[in-house]
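Novice: Pasting a structure below so you can have a look.
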Amino acid sequence: MNNDQIWQAVLGEIEIGMSRANFITWFKDTYISSLENGQAVIGVPSEFAKRWLENKFYKIIKGSLEKTVGEKISEVICRVELRKNQPVKPVAVNTETTAEKETAAPKPVEAPSLNRFGLNSRYLFENFIVGKANELAHAACRAVINNPGRVYNPLFIYGGVGLGKTHLLQAIGNELSKTTNKILYTTSESFTNNYVQAIRSGQGKEFKNAYRNVDLLLVDDVQFMGGKDGTQEEFFHTFNELHQNNKQIVMTSDRPPKSIPAIETRLTSRFESGMVVDVGKPDIETKIAILEKKAYEKNYALDREILLYVANNIQNNIRELEGALNKIIAYHEFNNTTPSVKSVKDILSDLTIDARSKSLSPKDIVETVARFYNINVKELTGDSRKKELVTPRQIAIFLIREELSTSYPTIGQELGGRDHTTAMHAYNKISLEKESNERLNQELNSIKQLFYSPPN
Ligand code: ADP
Ligand code: MG
């Protein structure tokens, strides 16, 4: 295995643990510059990336390198350098003959190519697999493309992490970029940051013009606007201006509009005024179809039995499914072996459900619930009887009990030293309410999905 192959395997593993956007931000254009005597030098494109990789990802990189090469790595150094002998990518892939393909060196990890709108050109409708859990969302997106600004405006897509929201959102952008130049893709976080900066530097007017003068506005992860009043105000006006002029707006969020904490009602009602669709977890057939398609794209064949094993055991989302596949391919290419259910089982052992729930602690659940409701852990576990705190507190109790079967006294302890009867009461209350409250159900599901995706 050469250094590129090793790095590809390492990246395959690292990618599983984080959002695509994060992964691209930190790992794009990185490679192994040298790997000798237990010392790995990773070439990175910027000082910024170097700092992050060394501070935040050192352990993961080291661990994953060790696993991949099967040797102890004593040191990982990140160095800002440009890659020498960067392989020139063939322009037209189709001209490759089969023979060439077989002998060609393995491709370096494809850095996603971002087009001029900051859209990832990999996110297309052509490679989006439609199943029960996303067919409505998919159909709504297609309708938007056929008639932008006219049918579903805004289109609001929500659902858990890694289920294809960004893919759909960007697919709309990629498709409409064939007919218009005025497309803006943003996350609610960068909308906020840009807005704050614009105001600081006295460029509020330019900011307004930039966002209001488009045919298509795509806002990813709009839930992060919760609690940011100035941003909400600005976005409200941007929204209205575009909407009045029949300009298409598409948004994604990890939860339905009404469940976004600390968001103004006038915005929620705008968000709901067009079409709201959800994407859910894929069923087994869809997962298999996705695996087949992705394996095919990578020119790799996997037995049905293996596909079934992976689909059955990767429960949470499609990003993980992709990560698992990358890992399987990298491992077997490296060892030059054919995948079997047994080898795949071993490779995925740290990804499958059992192993994962073991590592989830009551504290993780408390933190996740707090994060979801945009409150801090102190408030969540504190004494206040405010409704905005009491419900999340009860939800945290319920989830700890349900996910970890923790005893009531221990749950009480975890939640700021409460009595076990309080924990029991909270659990019963949420269990009961869950039966009839659809919104509560959705929130519980969204939170559960967060358990397995660390904060980015
Ligand atoms: P989200 O924005 O909901 O967190 P993403 O859109 O980033 O999720 O999807 C995670 C990964 O899974 C991406 O690489 C995406 O291409 C892939 N993916 C998601 N849904 C599908 C699908 N239906 N078909 C093919 N790939 C998908
Ligand atoms: Mg996303």
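The values are calculated or read from the model by the stated rules, or taken from the named source; none is laboratory data. This is a predicted model, so every value here is computed, not measured. Virtual Cβ from ideal backbone geometry, glycine too; neighbours counted across all protein chains shown. When the accessible area is computed, the model is the full protein with side chains, heavy atoms only, and any ligands, DNA or RNA have been set aside. Shrake-Rupley method; radii C 1.70, N 1.55, O 1.52, S 1.80 Å.
Novice: What translational diffusion coefficient, to the nearest whole µm²/s, does region 208-266 have by Stokes-Einstein, given a Kirkwood radius computed over alpha-carbon pairs, a temperature of 20 °C and 1.002 mPa s viscosity?
Specialist: For these conditions, the coefficient is 180 µm²/s.
Novice: Moving on to the next point. What is the projected area of the convex hull of the Cα atoms of the chain, averaged over all directions, in nm²?
Specialist: Here the figure is 24.2 nm², rounded to one decimal.
Novice: Follow-up question, since we're still on this one. How big is region 210-334 on each of its three principal axes, counting only the C-alpha atoms and giving the largest first in Å?
Specialist: 53, 28, 25
Novice: Further, regarding this structure: At 1.4 Å probe size, with no ligands or nucleic acids counted, give the accessible surface of Val341 in Å², nearest ten.
Specialist: For Val341, solvent-accessible area is about 40 Å².
Novice: To continue, here is another question. What is the chain's relative contact order, in percent, from Cα pairs under 8 angstrom and six or more apart in sequence?
Specialist: Rounded, it is 16 percent for the chain.
Novice: Now for a separate question. Treating only the Cβ atoms of Lys and Arg (+1) and Asp and Glu (-1) as charged, compute the dipole magnitude of region 225-351 about its Cα centre; round to the nearest 20 debye.
Specialist: It comes to approximately 120 debye.
Novice: With a Förster radius of 22 Å, plug the Cβ-Cβ distance of Lys208 and Asp29 into 1/(1 + (r/R0)^6) and report the FRET value to the nearest 0.05.
Specialist: Details: r = 34 Å, r/R0 = 1.55.
Efficiency at R0 = 22 Å is approximately 0.05.
Novice: So, one more: Just to be sure I understand the model, the point goes 7 Å from the Cα along the line to the Cβ. What's the resulting Leu308 to Arg150 distance in nm?
Specialist: About 4.8 nm, to one decimal.
Novice: Just grab the label-to-label distance for Lys378 and Glu438, each label 7 Å out from Cα along the Cβ direction, in nm (one decimal).
Specialist: 3.9
Novice: Compute, for region 161-298, the length of the dipole vector about the Cα centre, with Cβ point charges of +1 (Lys, Arg) and -1 (Asp, Glu) only. Units Debye, rounded to 20. Intermediate results must be reported in sequence, preceding the final value.
Specialist: Working: 18 positive and 18 negative charges, 40 e Å.
Rounded to the nearest 20 debye, it is 200 debye.
Novice: Apply 1/(1 + (r/R0)^6) to the Cβ-Cβ distance of Asn193 and Asn428, taking R0 = 51 Å, and write down the FRET efficiency to the nearest 0.05.
Specialist: E(calc), rounded to 0.05, equals 0.75.
Novice: Give me the distance in nm between label points sitting 7 Å out from Cα along the Cα-to-Cβ direction at Glu126 and Arg83, one decimal.
Specialist: According to this spin-label approximation, the distance is 2.4 nm.
Novice: How big is the dipole moment of the chain about its Cα centre under a simple scheme where the beta carbon of each Lys and Arg is +1, that of each Asp and Glu is -1, and everything else is neutral? Debye, nearest 20, please. Can you show the working numbers first?
Specialist: Values: 58 positive and 56 negative charges, 163 e Å.
Roughly 780 debye for the chain.
Novice: Would you work out the relative contact order for region 194-275, in percent, from Cα pairs under 8 angstrom that are 6 or more residues apart?
Specialist: With pairs under 8 Å counted, the relative contact order is 32 percent.
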